[in-house]
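Peer 1: Quick one: this structure, given as structure tokens, is what I'll be asking you about.
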């Protein structure tokens, strides 16, 4: 009897792994298709992403590249990131289809609103970084050079820094949506989030230290919205975890 149970468990694990592999293949295909769309616009995308820095640079300064193939790979990298954002609804759909078999009928009803919300907040986080964080961060960092030093930032270093921030903000802006989903499933509630707030704030500062330069100003630009989003997650959990689960699935 025990042997049969073990065989059933092994079969279930293998089925999950096969389904995961299948979903990952679909995600990769979706990103490749999106890349075919974004790459022809790679020059425009490059101009868009370097614009905040170009505006901030003093006259006579330029963004440079030093390797012969560097400009090509930078444009490909930017196109790939744009493709990920473009295919994000497809990506979230595949993630949903992977977890869907383990959900109840009532839980499955939130699929479309969830996918739309995840996409909006993911892109919204990236836009927040680009429109609000970049200008202030670049202006502050370049001010260290004073009048004695002329900045000549390398494109590779800049793109790595910019894309890291864009992805970080895109991901952390999902916090309220994840909180909503987990609250609907009865996994978390507002009391748990409040109780773990000190650990959450510590984690936020650690994340900010990893994804931003080692200066307090830039880190605060990331920490402040993260703390706000965590507070919003508590409010979301308080609203949606107070209802009985039976009422949610009627």
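Peer 1: Once the piece of chain linking residue 185 and residue 123 is laid out straight, how much longer is it, given 0.36 nm per residue of separation minus the C-alpha distance between them? The partial results should precede the final answer.
Peer 2: Details: separation 62, 0.36 × 62 = 22.32 nm, distance 2.49 nm.
Extra length from residue 185 to residue 123 when fully extended: 19.8 nm.
Peer 1: More than 12 angstrom separation, counting every C-alpha pair in the stretch 129-191; what % is that?
Peer 2: 76
Peer 1: While we're looking at this one, here's another question. For residue 136 and residue 51 in the same chain, what is the full-extension length gain: residue separation times 0.36 nm, less their Cα-Cα distance, in nm? Before the final figure, lay out each step's value.
Peer 2: Working: separation 85, 0.36 × 85 = 30.60 nm, distance 1.33 nm.
29.3 nm is the gain from fully extending residue 136 to residue 51.
Peer 1: How would 39, 230 line up from fewest to most surrounding beta-carbon atoms within 10 angstrom?
Peer 2: With the sparsest Cβ surroundings first, the list reads 39, 230.
Peer 1: Cα extents of the stretch 43-106 along the three principal axes, largest first, in whole Å?
Peer 2: Taking the Cα atoms of the stretch 43-106, the three principal extents are 62, 26, 16 Å.
Peer 1: In terms of the Cα gyration tensor, with a ≥ b ≥ c the square roots of its eigenvalues, is the stretch 158-223 rounded because a/c is under 1.5, prolate because a/b exceeds b/c, or oblate?
Peer 2: It comes out oblate by the Cα gyration axes.
Peer 1: Find the centroid of the Cα atoms in the stretch 193-211 and in the stretch 94-170, then give the distance between the two in whole Å.
Peer 2: 18
Peer 1: Here is a further query. If we count other beta carbons within 10 Å of each Cβ, what is the order of 179, 117, 147, 203, fewest first?
Peer 2: Lowest to highest Cβ neighbour count: 147, 203, 117, 179.
Peer 1: Mean residue ellipticity at 222 nm from the helices of the chain, using -39,500 (n - 2.57) per DSSP H segment of n ≥ 4 over the full residue count, to the nearest 500 deg cm²/dmol? Don't skip to the answer; put the middle values down first.
Peer 2: Numbers: 13 runs with 190 residues, N = 250.
One gets -24500 deg cm²/dmol as the mean residue ellipticity at 222 nm.
Peer 1: Rounded if a/c is under 1.5, else prolate if a/b is larger than b/c, else oblate: which is the stretch 64-136, with a ≥ b ≥ c the root eigenvalues of its Cα gyration tensor? Please report the intermediate quantities before stating the final value.
Peer 2: Values: a/c = 4.97, a/b = 2.07, b/c = 2.40.
It is oblate, given that a/c is not under 1.5 and a/b is not larger than b/c.
Peer 1: So, one more: For a distance above 24 Å, tell me the whole-number percent of Cα pairs in the stretch 96-221 that qualify.
Peer 2: Looking at the stretch 96-221, the distances longer than 24 Å represent 45 percent of pairs.
Peer 1: Top mean-square fluctuation among 163, 80, 17, Gaussian network model of the chain, C-alpha springs under 10 Å?
Peer 2: Per the Cα network of the chain with a 10 Å cutoff, 17 tops the list.
Peer 1: Hey, what did the chain get for relative contact order, percent, Cα under 8 Å, at least 6 apart?
Peer 2: Once normalised by length, the contact order is 22 percent.
Peer 1: Sticking with this one: Mind pulling the angle between the C-alpha long axis of helix 197-211 and the longest principal axis of the chain? Nearest 10 degrees, somewhere in 0 to 90.
Peer 2: 40
Peer 1: Taking Cα atoms, how many degrees apart are the long axis of helix 155-172 and the longest axis of the chain, rounded to 10 and kept between 0 and 90?
Peer 2: Once rounded, the angle reads 30 degrees.
Peer 1: While we're looking at this one, here's another question. Just to be sure I understand the model, the point goes 7 Å from the Cα along the line to the Cβ. What's the resulting residue 69 to residue 99 distance in nm?
Peer 2: That separation, rounded to one decimal, is 3.9 nm.
Peer 1: Now for a separate question. Among (i) 51, 18, 17; (ii) 37, 19, 16; (iii) 39, 25, 16, which one is semi-axes √(5λ) of the Cα gyration tensor in Å computed from these coordinates?
Peer 2: (iii)
Peer 1: Roughly what angle does helix 2-38 make with the longest principal axis of the chain, taking Cα atoms, 0 to 90 degrees, to the nearest 10?
Peer 2: The helix 2-38 is inclined about 30 degrees to the chain.
Peer 1: Once fully extended, how much extra length lies between residue 77 and residue 164, figured as 0.36 nm per residue of separation less the alpha-carbon to alpha-carbon distance?
Peer 2: Length gained between residue 77 and residue 164: 30.1 nm.
Since every read-out is calculated from the coordinates, none of them should be taken as a lab result. Here the structure is a predicted model, which means the values were calculated and not measured. A quick note on method: Cβ atoms are made from the backbone with ideal geometry, for glycine too, and the neighbour counts reach across all protein chains shown.
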